[in-house]
Amino acid sequence: MPHRLRAINYRVLATLLVVGIPVLLLGSFFVIEHGRAELRDAFGLTLAQRAEQSAAAIDAYVYRRIVDVSLLARVPDVRAIAARARPATSATEMADLDRRFSAIDLKAPMVVEVLGNAASRYFTDITREDPIYRELLLTDRDGRLVAASNLTSDYNQADEEWWKRVMAGAGRGEATVSDVRWDDSARTYAMEIAVPVPGNDGRPGGVLKAVADIREMLASVAGIELGSGGDAMVVRRNGSVVFGRGAVDPRARFFAEAGLRAGLESLGPVDGPSRFWFSAPSRDGEPQLIGVATSQLAATYPHLPWAVVTWEAEGRALAPVNSLFRSLLAVLAATLLGVLALAFWFSMKLAAMPLETEMALVPHPHIARVAEEETV
């Protein structure tokens with residue numbers, strides 16, 4: 001007798017497909033997204049760690065320069081020139097001296113007095129031997145210029161902010177650091193470090209200011225290893241740019257300043273270094289992973305709320321998953337075919353056979369009938 005194909009139980013088939021395929025698709029989706037999230041988190045944390053290392057190097061550089069300038073202020077010749085007695089001058093006389101000094105006449109007696117003393121010669125030697133120091137100048141406790149490495153047009157320094165901050169410190173005065181500025185003439189970044197010169201009466205005998213090239217500090221940012229398209233810079237907490245790997249417009253803003261401010265606000269007051277990462281689109285709309293680490297300079301100098309930011313394209317972080325995407329699709333397709341095959345097999349296996357039409361085809365052993373009457 002010819003065999004017929006077994007009937008398919010469409011209810012079983014539909015149930016298996018409805019249950020199996022969504023579970024397979026959703027499971028695959030969640031596995032892939034979990035892998036993407038893990039890679040994104042690991043990559044963002046790595047960027048934040050690199051930013052933290054750079055921020056620590058910047059802090060160490062600035063504090064080291066403050067110590068170096070403070071040591072210069074303790075040199076005997078520097079202290080002697082700052083403490084030398086000079087006749088008192090009125091505001092009118094100071095303005096007249098300032099105007100005459102700005103004429104930059106190298107033969108003028110007051111200019112010769114400033115540039116020809118031992119402290120000025122010492123400062124000139126330092127700037128010649130160490131190009132990090134671009135300028136050194138010394139004032140007495142009244143703000144008058146008494147020594148300098150090179151000629152400046154300002155004789156009265158008492159109206160400068162750096163001078164006021166140093167002399168405003170209680171007792172012996174306090175060191176101060178300016179924000180970074182871009183020097184167009186030198187095509188480099190520089191910062192001003194001002195420290196009190198110890199006096200003989202417990203008060204500052206004067207103020208020593210150094211204009212320092214920060215190329216070493218910039219090297220800690222430029223040396224961060226990033227992939228193609230990645231970059232790093234130092235920014236302020238409000239999103240303005242302090243300096244970057246190249247020349248930066250002083251009015252430039254960090255492209256993800258909203259996310260930066262939100263992340264810093266979420267940290268709140270934190271003792272010690274802090275770091276975090278977030279994602280944001282670049283100006284051209286490409287998603288970026290951004291690592292942030294705060295500088296500790298703000299703890300000592302509140303006017304320096306710096307943070308180091310590093311970023312790279314999110315696509316580079318997810319490249320390992322994206323490169324395997326085709327392979328994952330092939331595995332998913334093979335699994336889907338397996339689910340379909342199992343669904344058909346079970347549906348045919350569980351298909352019900354009509355009893356009245358199919359029982360004749362089922363072989364069974366002969367069963368003897370029981371006698372209707374039994375004799376006792």
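The values are calculated or read from the model by the stated rules, or taken from the named source; none is laboratory data. Note that the coordinates shown come from a computational prediction; the quantities given were computed from them, not determined experimentally. Positions of Cβ are backbone-derived with ideal geometry, glycine not excepted, and every protein chain shown enters the neighbour counts. To get the accessible areas, we keep the full protein, side chains included, count just its heavy atoms, and leave off ligands, DNA and RNA. Shrake-Rupley method; radii C 1.70, N 1.55, O 1.52, S 1.80 Å.
Of all residues in segment 51-99, those satisfying the criterion of being assigned to a helix (DSSP H, G or I), at pLDDT below 85 and either open to solvent by 40 Å² or more (accessible area, probe 1.4 Å) or touching a strand residue (DSSP E or B) at 6+ places or on another chain (Cβ under 6 Å) (or both) are Ala91, Thr92, Glu93, Met94, Ala95, Asp96, Asp98, Arg99. Pairs linking a residue in segment 234-246 that is outside any loop (DSSP other than H, G, I, E, B) to a residue that is among the acidic types (Asp, Glu), with Cβ atoms under 8 Å and 6 or more positions apart or on different chains, are Val235/Glu257; Val241/Asp249; Val242/Asp179; Gly244/Asp231. For segment 267-308, residues that are in a loop (DSSP other than H, G, I, E, B), in contact (Cβ under 8 Å) with a residue 24 or more places away in the chain and either open to solvent by 50 Å² or more (accessible area, probe 1.4 Å) or basic (Lys, Arg) (or both) total 6.
Report whether or not Ala343 is modelled with pLDDT of 75 or more and more than 30 Å from Leu45 (Cα to Cα). Judged against the criteria, Ala343 is not a match.
Please go through segment 204-227 and pick out each residue that is open to solvent by 20 Å² or more (accessible area, probe 1.4 Å), in contact with a helix residue (DSSP H, G or I) (Cβ under 7 Å, 6 or more places away or on another chain) and either within 15 Å of Ala190 (Cβ to Cβ) or free of Cβ contacts under 8 Å to residues at least 40 places away in the same chain (or both). Answer for segment 204-227, where residues must be open to solvent by 20 Å² or more (accessible area, probe 1.4 Å), in contact with a helix residue (DSSP H, G or I) (Cβ under 7 Å, 6 or more places away or on another chain) and either within 15 Å of Ala190 (Cβ to Cβ) or free of Cβ contacts under 8 Å to residues at least 40 places away in the same chain (or both): just Glu216.
If you go through segment 144-166 and keep only what is closer than 16 Å to Ser120 by Cα and either among the aliphatic types (A, V, I, L, M) or open to solvent by less than 20 Å² (accessible area, probe 1.4 Å) (or both), you end up with Arg144, Leu145, Val146, Ala147, Ala148, Ser149, Leu151. Only one entry of Ala175, Ala147 meets the criterion of being modelled with pLDDT of 90 or more, more than 36 Å from the chain's Cα centre (by Cα) and closer than 22 Å to Val75 by Cα, and that entry is Ala147.
Which one is nearest to Gly244 (Cα to Cα), of the residues in segment 193-228 that are among the acidic types (Asp, Glu) and out of contact with any Asp or Glu (no Cβ under 9 Å at 6 or more places or on another chain)? Ranking the candidates gives Glu216 first.
So for segment 116-134 (the condition being at pLDDT below 85, among the polar types (S, T, N, Q) and over 30 Å from Met217 (Cβ atoms)), does at least one residue qualify? No, because not a single residue in segment 116-134 is at pLDDT below 85, among the polar types (S, T, N, Q) and over 30 Å from Met217 (Cβ atoms).
Screening Gly259 with (1) part of a helix (DSSP H, G or I); (2) closer than 24 Å to Tyr63 by Cβ; (3) of a type in the set (Gly, Ala, Ser) gives one miss only, at (2). If we scan segment 182-192, do we find a residue that is surrounded by 15 or more Cβ atoms within 10 Å (Cβ to Cβ), of a type outside the set (Lys, Arg) and closer than 20 Å to Val75 by Cα? So far as segment 182-192 goes, yes, one or more of its residues are surrounded by 15 or more Cβ atoms within 10 Å (Cβ to Cβ), of a type outside the set (Lys, Arg) and closer than 20 Å to Val75 by Cα.
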